[in-house]
1. Rounded to the nearest percent, how much of the accessible area of the chain (1.4 Å probe, protein heavy atoms only) is carbon and sulfur?
2. Under the 0.36 nm per residue contour assumption, what length would be gained going from the current alpha-carbon distance of Gln69 and Asn30 to full extension?
3. Name the residues whose placed amide hydrogens come within less than 5 Å of the amide hydrogen of Glu46, ignoring near sequence neighbours (fewer than 5 apart) on the same chain.
4. Calculate, for the stretch 1-66, the solvent-accessible area per residue in square angstrom, rolling a 1.4 angstrom probe over the heavy atoms of the protein chains.
5. Per residue of the stretch 31-47, what does 6.51 cos²θ - 1.76 cosθ + 1.60 with θ = phi - 60° give for ³J(HN,Hα)? Whole Hz please, x for Gly and Pro, Karplus curve as stated.
6. Please determine, in degrees from 0 to 90 and to the nearest 10, the orientation of helix 55-74 with respect to the longest principal axis defined by the Cα atoms of the chain, where the helix direction is its Cα long axis.
7. Plugging the Kirkwood radius over Cα pairs into Stokes-Einstein for the chain, at a temperature of 10 °C and a viscosity of 1.306 mPa s, what D comes out in µm²/s?
8. Helix 3-19 versus the longest principal axis of the chain: what angle, 0 to 90°, nearest 10, using Cα atoms?
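The values are calculated or read from the model by the stated rules, or taken from the named source; none is laboratory data. All of these numbers come straight from a predicted model, not from anything done at the bench. Surface accessibility is based on the protein's heavy atoms, side chains included, excluding ligands, DNA and RNA. Shrake-Rupley method; radii C 1.70, N 1.55, O 1.52, S 1.80 Å.
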Amino acid sequence: MSAFAEFEQEKQQIDAILAQGYTIAAIQENLDGALLHFTQASSHAERTQLQILTADARKYVTTLLFARQTQLASS
């Protein structure tokens, strides 16, 4: 699988989890990539995790976090 196809697959997984109402709660970097921890916005009891491996997916997540931070700061 090409690097772009791997990134696109991980991006779709991230977007699908966020579309279900989850938010990024934490990121754990490790030698294999990053482990994303998500919590349900309506109920903090519901959690899920996703391991991302590509650098582009990690950059995508960082971009999402900065966008959310900027949005919160302007509110």
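1. Values: 2790 of 5090 Å².
Carbon and sulfur atoms account for 55 percent of the accessible area of the chain.
2. Between Gln69 and Asn30, full extension yields an extra 11.7 nm.
3. The list, which skips near neighbours in sequence, is Gln40.
4. 64
5. After applying 6.51 cos²θ - 1.76 cosθ + 1.60, I find 5, 8, x, 8, 9, 8, 10, 10, 10, 6, 4, 7, 9, 5, 6, 8, 9 Hz.
6. Approximately 20 degrees, to the nearest ten.
7. Values: Rh = 12.9 Å.
In µm²/s, the coefficient is 123.
8. That works out to roughly 20 degrees.
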